[in-house]
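Notes follow once the structure below has been shown.
The values are calculated or read from the model by the stated rules, or taken from the named source; none is laboratory data. Computed from a predicted structure; not experimentally measured. With ideal geometry, Cβ positions are generated from the backbone for all residues, glycine too; neighbour counts draw on all protein chains shown. Just so you know, the surface numbers come from the protein's heavy atoms only, side chains and all, with ligands and any DNA or RNA stripped out. Shrake-Rupley method; radii C 1.70, N 1.55, O 1.52, S 1.80 Å.
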Amino acid sequence: MSATDGGTARSGPPTRAAYTAARPSGADGVVGVWSGARRPPDWLATLSIIALVAVVAAGMAATVGRTILFTPEKAVSAYFSALAAHDATGLPEAGRADLVAGADYVAPSGAEILASRRTGDAADVDVSFALDGQRWAATVRAHRLQWWGPWRVDGLITGLDVLWPAGVDLAATIGGRTVDDGARLHPGVYTVALAENDTYTAPPARLLVTGTTASVPVAMFLSPRPELTRRLQTLINGYLADCVARAPTSSTIVADCPLRLSGIGAPSPENVSWTLTAPPVVSLVISSAAPLEVLTSAPGSATVTYTQGRATKAATVPITIGGWAELDAGRLIWHRDNLTAIGE
């Protein structure tokens, strides 16, 4: 639209008709491009540039911060610090973290990072540490689970191999906690003990775990409980006393007993009488033959007197005891052989 003012033409604001005519043919709604008459204000462009720079700067700062704050080396150092503090909560779950809380546990000390190699979100960290008066070196595996946050270590995990005598399989404990064969341990010095039972006893064993081997053995030197030997001696003494009491007077052989005198010839003996002069001293040992083998430590003896024809004779018979023993629901049973078992 135009107006005349003193013969001079001037332009006014565009009319709706002019704006509509300027739209592309067939377009509906608002035009998708700025016309020469409508361009974005300069402050909006400036603000967009500032926002973009801020985003890039924030990303760079986060990356730098992650590199400084979170490293596999720091994770490995924290791992050894947790061991030194007996802090089970700061250890990976791959091993028996609860065992480092025991009062008898001795942790590694003086950990030093030697080298580190990264491959993506995984790293191998070489570390040395002091334990049991020596310096050890090992490689700790570390990994990153998320973009932001600390690295995690798998730990130096070693399997426990408890060596029991043949035919015996018991439970062991560390710091009062039961450990199974194959339990996974963190580096340190542990005290392994035999779990309480009514058959065996064993002195505690010292176990050095350096994390440099896949497994570490510990031998448990078992022995039968002393009270079992005393109970066995009482059981056998009673058994021999019963043998004497039921010995026949017409034979020098007592069935199912070690009271036996043979080869005396004819005529048949009469007035046979047995006397137990000294019972054998018995012991229990753990052997390949049986978990509780019965042995004679000192032979016993019995005296037999009898009449043969018109002569009165006497002889001394040595007594030895063997077999094996077991506890059945707390009851001691002595197996004299494969056929005879005598219990309390």
*Right, T340: open to solvent by 40 Å² or more (accessible area, probe 1.4 Å) and either over 57 Å from the mean Cα position of the chain (by Cα) or modelled with pLDDT under 95 (or both) or not?*
no
_Quick check on the stretch 250-287: of everything there that is open to solvent by less than 30 Å² (accessible area, probe 1.4 Å) and aliphatic (A, V, I, L, M), which residue is farthest from T316 (Cα to Cα)?_
L284
*Inside the stretch 119-150, can you point out the residues that are open to solvent by less than 30 Å² (accessible area, probe 1.4 Å), touching a residue at least 60 places away in the same chain (Cβ under 8 Å) and under 25 Å from the mean Cα position of the chain (by Cα)?*
L131, A138, V140, A142
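Looking at the stretch 108-118, is at least one residue assigned to a loop (DSSP other than H, G, I, E, B), modelled with pLDDT under 95 and either charged (D, E, K, R) or crowded, with 17+ Cβ neighbours inside 10 Å (or both)? Outline the logic, then answer.
Here is the first cut: in the stretch 108-118, the residues assigned to a loop (DSSP other than H, G, I, E, B) are 108.
Filter once more, so that each one left must be modelled with pLDDT under 95: none.
Checked the stretch 108-118: no residue is assigned to a loop (DSSP other than H, G, I, E, B), modelled with pLDDT under 95 and either charged (D, E, K, R) or crowded, with 17+ Cβ neighbours inside 10 Å (or both).
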*Of all residues in the stretch 156-172 being open to solvent by less than 20 Å² (accessible area, probe 1.4 Å) and part of a strand (DSSP E or B), which is farthest from R231 (Cα to Cα)?*
T158
*May I ask you to list the residues in the stretch 288-335 that are in a loop (DSSP other than H, G, I, E, B), surrounded by 11 or more Cβ atoms within 10 Å (Cβ to Cβ) and touching a residue at least 40 places away in the same chain (Cβ under 8 Å)?*
A290, P291, L292, G309, T320, I321
*Qualifying position, being more than 29 Å from I321 (Cα to Cα), open to solvent by less than 40 Å² (accessible area, probe 1.4 Å) and at pLDDT 95 or above, among L194, L240, L208, L232*: L194
*Among (1) assigned to a loop (DSSP other than H, G, I, E, B); (2) at pLDDT 95 or above, which single condition is G182 missing?*
(2)
*Going by the structure shown, is A247 open to solvent by less than 40 Å² (accessible area, probe 1.4 Å) and in a loop (DSSP other than H, G, I, E, B)?*
yes
*Would you mention how many residues in the stretch 82-94 are over 24 Å from G133 (Cα atoms) and in contact with a strand residue (DSSP E or B) (Cβ under 8 Å, 6 or more places away or on another chain)?*
2
